[in-house]
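Step one of this worksheet: look at the structure below.
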Amino acid sequence: MAKLYFNYSSMNAGKSTALLQANHNYLERGMKTMMFTFSEDNRFEKGMIVSRIGIKSNAHPFNNSTDIHTEVSNQLKEEKVDCLLVDEAQFLTKKQVHDLGRVVDELNIPVLTFGIRTDFQGELFEGSKYLLAWADNLKEIKTVCWCGRKATMVVRINDKNEIISEGEQIEIGGNERYVPLCRSHFVSKNLGN
């Protein structure tokens with residue numbers, strides 16, 4: 001029976017790497033996958049899932065108006081889909097998370113989502129909020145703070161390596177903009193430098 005999975009973490013935990021490994025495992029067994037990633041992630045080529053260790057793969061771009069259920073249903077008219085994988089799942093809308101549940105429940109396709117749980121202010125992203133509420137299986141992918149404890153939070157930094165506490169929830173970036181921290185160092189705003 002298919003399930004909806006949410007694999008979550010802070011920044012730099014290897015979420016995209018884990019997604020690409022899962023995709024490889026399906027393909028290696030002769031199965032067909034369908035992958036999605038957030039269209040506004042402009043760090044790399046649009047519609048490309050890229051891990052920090054250098055592996056990458058093409059994916060369907062999504063934004064907040066993408067009807068993923070319809071796209072999967074249309075793909076099924078062309079070929080079988082054995083698994084749906086979604087990177088940057090924190091950027092999904094409530095409706096899109098609901099639709100992923102429909103992919104699982106109505107189309108019997110497992111859905112593996114990967115994303116960040118909270119933003120730089122410690123607030124849940126919309127997609128993460130509803131995946132935490134509605135996913136059948138939750139898995140934390142762990143990374144570490146500069147102190148060695150588990151990093152569960154993330155802060156946004158400017159070009160002077162100073163923590164930024166205000167701004168839009170969504171600002172695409174990598175190591176140059178975000179630093180994973182444990183809760184204690186997130187609260188104290190301590191980057192360890």
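Remarks
- Subset of segment 132-145 (residues that are in contact (Cβ under 8 Å) with a residue 24 or more places away in the chain and either acidic (Asp, Glu) or out of contact with any Gly (no Cβ under 7 Å at 6 or more places or on another chain) (or both)): 132, 135, 136, 137, 138, 139, 140, 142, 143, 144, 145
- Within segment 156-186, being modelled with pLDDT of 85 or more and within 15 Å of residue 119 (Cβ to Cβ) holds for 179, 180, 181, 183, 186.
- Subset tally (residues that are closer than 25 Å to residue 75 by Cβ and either of a type in the set (Gly, Ala, Ser) or buried (at least 24 other Cβ atoms within 10 Å of the Cβ) (or both)) for segment 104-127: 6
- Annotation note: of 6, 38, the sole residue that is at pLDDT 95 or above and either surrounded by fewer than 17 Cβ atoms within 10 Å (Cβ to Cβ) or under 21 Å from residue 99 (Cα atoms) (or both) is 6.
- Of the set (1) crowded, with 22+ Cβ neighbours inside 10 Å; (2) out of contact with any helix residue (DSSP H, G or I) (no Cβ under 6 Å at 6 or more places or on another chain); (3) part of a helix (DSSP H, G or I); (4) hydrophobic (A, V, I, L, M, F, W, C), all apply to residue 132 but (1).
- Here residue 101 qualifies as surrounded by 16 or more Cβ atoms within 10 Å (Cβ to Cβ), in contact (Cβ under 8 Å) with a residue 40 or more places away in the chain and either part of a loop (DSSP other than H, G, I, E, B) or more than 13 Å from the chain's Cα centre (by Cα) (or both).
Table: residues versus (1) touching a Ser or Thr at 6+ places or on another chain (Cβ under 9 Å); (2) not hydrophobic (A, V, I, L, M, F, W, C).
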site: 81; (1), (2): yes, no
site: 86; (1), (2): yes, no
site: 94; (1), (2): no, yes
site: 101; (1), (2): no, yes
site: 151; (1), (2): yes, no
site: 183; (1), (2): yes, yes
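- Only strands (runs of 3 or more DSSP E) whose full extent lies in segment 1-95 are considered here, and none of them has at least 2 residues that are small (Gly, Ala, Ser) and within 15 Å of the chain's Cα centre (by Cα).
- Subset of segment 131-159 that is over 18 Å from residue 121 (Cα atoms) and of a type in the set (Val, Ile, Thr) - its residue that is nearest to the chain's Cα centre (by Cα): 141
The values are calculated or read from the model by the stated rules, or taken from the named source; none is laboratory data. From a predicted model like this one, the values you see are computed outputs, not experimental measurements. Methodologically, a virtual Cβ is constructed for each residue, glycine included, from the backbone with ideal geometry; neighbour enumeration extends over all protein chains shown.
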